[in-house]
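This report refers to the structure that appears directly beneath it.
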Amino acid sequence: MRKILLAAVFFSIASYVFFALSGLAPLPPDFNRYSLLTVKTGSMKPALSTNAVIVVDKQRNTLFNTGDIITFHAGDGRLITHRIVAAGFDGDVYYITKGDANRSSDLQPVRRYDIFGRVIFVTPAFLALFIHFLRSPAALYTLLGLFLIMLVRSASALRS
């Protein structure tokens, strides 16, 4: 009976982690301030490699510094993550951004209301692969399979 209980607890925790990383489970209020995003291009190499998972602090009502890496909404709705290379004020604060691997700055300044948040953590490559796996349907099937295996083994151990 104890093994079944442990298997159920393990499955519950693993399921919650999977759904939280997938964005399907509610997170405690303090965690809603953060987003996990995947870097899709090499414009920020070497600081952010392609497919790296970044943690973005979505607190937007703050001023950012030159050198900060921010994620912002582009004119076409995409999220872009670049470094602030300059800041200015023309009645409101704006930022000039540039990808580390790009030769020139972005054409449009980034306004405060376009900012999604500031990058506060970049996962190492091996951890990024694990997080990508957890966000995939294969992870759900793997967790379900492990749970069923543990359940069957626990039930057979109880019969013996």
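With respect to Asp106, determine if the residue is surrounded by 15 or more Cβ atoms within 10 Å (Cβ to Cβ) and over 21 Å from the mean Cα position of the chain (by Cα). Taking the combined requirement at face value, the residue satisfies it. Summed over the range 55-84, residues that are basic (Lys, Arg), surrounded by 14 or more Cβ atoms within 10 Å (Cβ to Cβ) and assigned to a loop (DSSP other than H, G, I, E, B) total 1. Taking the conditions (1) surrounded by fewer than 14 Cβ atoms within 10 Å (Cβ to Cβ); (2) at negative phi; (3) of a type outside the set (Val, Ile, Thr) in turn, Ala87 satisfies each one other than (1).
Every number here is computed from the coordinates shown, using simple stated rules; none is lab data. Bear in mind that the values here come from a model prediction, so they are computed numbers and not experimental data. Here Cβ is always computed from backbone atoms with ideal geometry, including for glycine, and neighbour counts include all displayed protein chains.
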